[in-house]
1. Count the lysine pairs in the stretch 130-189 whose Cα atoms lie under 23 Å apart, taking only pairs 8 or more positions apart in sequence or on different chains.
2. Using only Cα atoms, what Kirkwood radius does the stretch 518-575 have, in angstroms?
3. Give the relative contact order (percent, whole number) for the stretch 334-434; include only Cα pairs under 8 Å separated by 6+ residues.
4. In whole angstrom, note down how far apart the Cα centers of the stretch 649-698 and the stretch 304-371 are.
5. In whole Hz and in residue order, list the ³J(HN,Hα) couplings for the stretch 574-581 that follow from phi through the Karplus curve 6.51 cos²θ - 1.76 cosθ + 1.60, θ = phi - 60°; x for Gly and Pro.
6. Taking Rh as the Kirkwood radius, which is the inverse of the mean 1/r over Cα pairs, what is the Rg/Rh value for the stretch 213-330?
7. What whole number of Å gives the distance from the Cα centroid of the stretch 1-42 to the Cα centroid of the stretch 521-535?
8. Rg to Rh for the stretch 515-667: what is it, with Cα atoms only and Rh by Kirkwood?
Amino acid sequence: MSKSVFISTMENQSGKSIITLGLMTLLLGKVAKVGYFKPIISDLNDNGTSNHIDLVRTHFKLDLPFNECYAFTKSQVLEKRHEGKIDVVIDTIIDRYKKIEEKYDFILVEGTDFSGEGVATELEINTEIAKNLGIPTIIVESGVGKSMEDFANNLLATADLFQSKDVEVLAVIANKLQPQNLAWVKEELQQKLPKKVLVYTIPLIEALTYPTIKEVMRAVNAKVLIGEDACQNNPVANIIIGAMQLRNFLNFITEKTLIVMPGDRADLLLGSIQAHMSKNYPSLSGIILSGNLLPEDSILKLLDGLGCTVPILTVESNTFNTATVLNQIRPQIYGENKEKIEASIHTFEHYTNAEELANALITFEPKGITPRMFQYNLLKKAQSSKKHIVLPEGYDERILAAAAKIIQHNVADITILGERDKVQRKVSEMGLKLDLDKVQVIDPVNSDHYQEYVNTYFELRKHKGVNMAIAEDKLSDVSFFGTMMVYCGHADGMVSGAVHTTQHTIIPALQFVKTKPGISLVSSIFFMMLDDRVSVMGDCAINPNPTAQELAEIAISSADSSKAFGIEPKVAMLSYSSGTSGVGEDVDRVREATEIVKTKRPDILIEGPIQYDAAVDMGVGQQKLPGSPVAGQASVLIFPDLNTGNNTYKAIQRETGAIAIGPMLQGLNKPVNDLSRGCTVEDIFNTVIITAIQAQGI
């Protein structure tokens, strides 16, 4: 079952609240614990809260603190966007969402309100939120003031935008329609949308489109003069100004009218009250006396004796300014307004198919983990059980900057190899906020463990002709020293290669850390953070020309690594040919490797040989290999040789801007990972994270 659904619109006053209240009621009938999250809210009220969040929290009695229900105000988001920090917004939203996810079985996530400035950016932000949370969406659109053509085009454009970002559109809800148009609009939309998208139409419900006296009071800062007990939930359908003579004024009163008049117009005031009480005139919603003017005591005494059932309010502003503000009020639903809440829920239940919608949520299967969610999960996994990682290249600026970030995010305990004075000098020159008291800095040859490591290396390698002099020379090398720390249990993993070659980094590991039982080959994978998914690619760093047997082992290790890191493995054995169409030594080798995997590990979904486009594009994949459970949806891509793999991953990284996390070495008894010499601080940070997770024994 989908754990969440995202409610989105592309305009203000779409009636999204009806859908939120209705869905919450529906979900609470199907799921034990339902949470609520509105990532971006309009700016806070004067009391530091948000009406809509308070409405959902109080009505459904959610055990969720107010400040956990949102991540940012709209002003904060616009400021972050101006500063080019929209990534910070998305990362924070993911963090808040995941914390709610830990407590609840299902989360209803609500998009922005499209009010005020910055409306043009809101739809884009909403799609990014839904995409990065990896959840389906329900789109709500209002039909007020639109032609059928404009309405349909707007709604379809919104659906297309979400789908272009790989966000599944579960349903569209056409709201606030004229009752006679419900069937027509539904038929039109069903013809233009994919058949799997549910379509519902809801009429304009007048009781939900009017502001209440309570909302009026808040908007104009009104005080109650008479009628404290009169219904403050009275709907206001019309606003008129009392200025003309009573005989003419009475003709403008309609049902649910709010009258604004100067406080000294006793004639209009008394005439309005009499009209309200008369069966020959419509009922009023309320009266506002403007200009901070109050009726004389004799008038108040008269009103009191009439048992007035209309709330009479007073405001300090003049009649014109008061009316101007009132005409800008947009109706809301407050927690105290039970009539509106019940009307909203009843409307939703009457005009949607609850079972059909619930089934769509239950049967929805996410396509895979999103890149940002994957990175978030990695970070939290590393933080959950901190490990000790050694960084041998202690004089490299990128290593030091990454170490500072690792400490800041509490990812791992760190040892940096190098002379402390030189490391401190480098940190100072960089102006880096790295407190060396929070990391361990070791100069290998002056370490308390140096001689112990020398002796250990000598014992492990003497059968290969290593003498004590060679052992001492080797252990003065930071790569050998760092690897020996891991071997002896003084560190849980090592990350190197920013300065040294791959060979220099992994030879010590191959010499004495060695491979796990049953594994004869060390291989590597990259986690490629593509725009809409995470792909595992191997081997792109270690084995130049693997045999069929070695390719099979790389595929099995990569599938296991993929599963361990939360990615369902669907393995594509890449070649220049798909299926049985190609012949030749290279394609035959891939075909043989595929069969070996199927024999050794029938639990692994695998396809090969298969071309890259057929592996990742559903249309191409099902055309070339119809019915394949892997074609078009491969998550693990195994390249036939290092030349192909290394160039392909780098081409994808450079041309698409994708983040490549790795390489992560597979098969070693303890984690040692190699960096590219062109690595960035972010690359090092990410590689330390996956090394720390490997050290947890996944």
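1. Lysine pairs satisfying the spacing and distance rule in the stretch 130-189 number 4.
2. 11.9
3. Reported relative contact order: 23 percent.
4. 50
5. Coupling constants for the stretch 574-581: 6, 7, 8, 9, 10, x, 9, 6 Hz.
6. We get a ratio of 0.91 for the stretch 213-330.
7. 34
8. Reported Rg/Rh, Kirkwood definition of Rh: 0.93.
Quick note: the coordinates plus some simple rules give every number you see, no bench work behind them. A quick note: this is a predicted structure, and the numbers were derived from the prediction, not measured. Cβ: placed from backbone, ideal geometry, glycine included. Neighbour counts: every protein chain shown.
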